[in-house]
Amino acid sequence: MLDKKVVELLNDQVNKEFYSAYLYLDFANYYKDNGLDGFANWYNIQAQEERDHAILFVQYLQNNNAKVTLEAIDKPDKEYTKLNDPLIYGLEHEEYVTSLIHNLYDAAYSLKDFRTMQFLDWFVKEQGEEETNANDLITKFNLFGSDSRSLYLLDSELAARVYNAPSLVL
């Protein structure tokens, strides 16, 4: 039986993961509108990943006979004035999500909820990868974004990304 506080935090994480998907779809739309289909592809895939993360949290709650509570998902409220704005917002958002996962992990740890800690281990690792990817994308954009030919090549690189569903076993 999961602790009430852990269930509350897990349900909140479902909402935050769906919000992440909305945010990344907003980024994808911005890049599509600006003719950067590769960047749009990259963020569309990010949105797919976030939806899958939300479903993993839902399944975990269900598998532990905990009530799933779905709340309204906030509308993204970011404004973009430069092509790299979504990249910067994306890194900030991943750092925020990392803090949420760490808070959840801390709550499970304080209750000696080893099952939830084991479930969250995958997300801790995933967040490290997400922050690295977001940082790398900012670095590449800073190196190549001011040159249109280099930006085209970077956009082409991002267009080649394909979706790989998470391999977490519940």
Give me the net charge for the shell around residue 82: Cβ to Cβ below 15 angstrom, other residues only, Lys and Arg +1, Asp and Glu -1.
-3
Under 12 Å from the Cβ of residue 67, count the other residues' Cβ atoms, weight Lys and Arg +1, Asp and Glu -1, and hand me the total.
0
Extension gain, residue 163 back to residue 95 (0.36 nm per residue minus Cα-Cα distance, nm)
22.3 nm
Which percent of the accessible heavy-atom area of the range 8-68 goes to carbon and sulfur, probe 1.4 angstrom?
42 percent
The answer for the chain, accessible area per residue at 1.4 Å probe in Å², is 56 Å²
Over all viewing directions the Cα convex hull of the range 1-73 casts an average projected area in nm² of 4.6 nm²
Dividing the alpha-carbon radius of gyration of the range 39-121 by 2.2 N^0.38 Å, where N counts its residues, gives 1.33
Restricting to Cα pairs under 8 Å and 6 or more apart, the percent relative contact order of the chain works out to 32 percent
Would you compute, from DSSP H runs of 4+ residues alone, the mean residue ellipticity of the chain at 222 nm, taking -39500 (n - 2.57) per run and dividing by the full residue count, rounded to the nearest 500?
-26500 deg cm²/dmol
Mind checking the full-extension length gain between residue 74 and residue 150? Use 0.36 nm per residue of separation minus the Cα-Cα distance, one decimal, nm.
23.8 nm
Explain nothing, just the number: dipole magnitude of the range 20-160 about its Cα centre with +1 on each Lys and Arg Cβ and -1 on each Asp and Glu Cβ, in debye rounded to the nearest 20.
280 debye
Which of 4/32; 75/112; 78/140; 5/75 have a Cα-Cα distance over 31 Å?
4/32; 75/112
Of 15, 114, 65, which is farthest towards the positive pole of the chain's charge dipole, taken about the Cα centre with +1 and -1 on the beta-carbons of Lys, Arg and Asp, Glu respectively?
65
(1) 0.95; (2) 1.32; (3) 1.11, with the label sought being that of the calculated Cα Rg over 2.2 N^0.38 Å
(3)
In Å, the Kirkwood estimate of hydrodynamic radius for the range 73-116 over Cα pairs equals 12.7 Å
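The values are calculated or read from the model by the stated rules, or taken from the named source; none is laboratory data. All values derive from a computational prediction rather than experimental measurement. Note that each Cβ is placed from the backbone with ideal geometry, even for glycine, and that neighbours are counted across all protein chains shown. Surface accessibility is based on the protein's heavy atoms, side chains included, excluding ligands, DNA and RNA. Shrake-Rupley method; radii C 1.70, N 1.55, O 1.52, S 1.80 Å.
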